[in-house]
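Asks: Shown below is the structure under consideration.
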Amino acid sequence: MARSQEPNPGSDPDRLLPVGQAARALGISLDTLRRWDREGRIRVVRDRANRRMVPASEVERLVGRPPRLATGSRLSARNRLAGVVRNVQTDGVMAVVEIEAGPYVLAAAITRDAVEELALAPGVTVVATIKATSVMVSREEGPAR
């Protein structure tokens, strides 16, 4: 299977995972992932430093679900989603930050100062921590899926 030398984020909206993270999500060793790459069982691309990167869609294809991402933080909150900033809109003292976290898009209303302090801009990797005191559940019209 042919591999491109460099991923082009502009033409491929698929998120790329480092091989270690992809191997953990697949429950295999790095050696197995490399062997699958050589055998053409998994699509792998190379970054500018010639490191293997695995499209998240490949992990999803092989395990049947999106890969679980570690947040890299030792915080007790469990509702943490690693993602990438898609858009930042500021207005006065507030800002709305759109975050692409796997198959989800989140919107966070935060202060303009926080945006500046964290240097948030499209393409920046972030972790969204969701702490809620209640969850609302509704039933929409139509059969359950």
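Asks: Checking the condition modelled with pLDDT of 90 or more and under 30 Å from Thr129 (Cα atoms), which residue from Arg41, Arg65, Arg46, Arg52 passes? Steps first, answer last, please.
Replies: On the way: Arg41 fails: under 30 Å from Thr129 (Cα atoms); Arg65 fails: modelled with pLDDT of 90 or more; Arg46 fails: under 30 Å from Thr129 (Cα atoms).
Selected residue: Arg52, the only one of Arg41, Arg65, Arg46, Arg52 that is modelled with pLDDT of 90 or more and under 30 Å from Thr129 (Cα atoms).
Asks: Can you run down the residue pairs with Cβ atoms below 8 Å, 6 or more apart or on separate chains, where the first is in the stretch 107-134 and without any contact (Cβ under 8 Å) to a residue 24 or more places away in the chain and the partner is open to solvent by 80 Å² or more (accessible area, probe 1.4 Å)?
Replies: Ala109/Met94; Ile110/Met94; Thr111/Val93; Thr111/Met94; Arg112/Val93; Arg112/Met94; Asp113/Val93
Asks: If you take the residues of the stretch 93-124 that are open to solvent by 60 Å² or more (accessible area, probe 1.4 Å) and among the aliphatic types (A, V, I, L, M), which of them is farthest from Glu58 (Cα to Cα)?
Replies: Ranking the qualifying residues of the stretch 93-124, first place goes to Val93.
Asks: I've got another one for you. Can you name every residue in the stretch 103-126 that is outside any strand (DSSP E or B) and of a type in the set (A, V, I, L, M, F, W, C)? Walk me through how you get there before you give the answer.
Replies: So in the stretch 103-126, the residues outside any strand (DSSP E or B) come out as 103, 112-124.
Scanning the stretch 103-126 gives Ala114, Val115, Leu118, Ala119, Leu120, Ala121, Val124.
The values are calculated or read from the model by the stated rules, or taken from the named source; none is laboratory data. Not measured: the values here are computed from a predicted model. No Cβ is skipped: glycine too gets one built from the backbone with ideal geometry, and neighbour counts run over all protein chains shown. Ligands, DNA and RNA are excluded from the accessible area calculation, which covers all protein heavy atoms including side chains. Shrake-Rupley method; radii C 1.70, N 1.55, O 1.52, S 1.80 Å.
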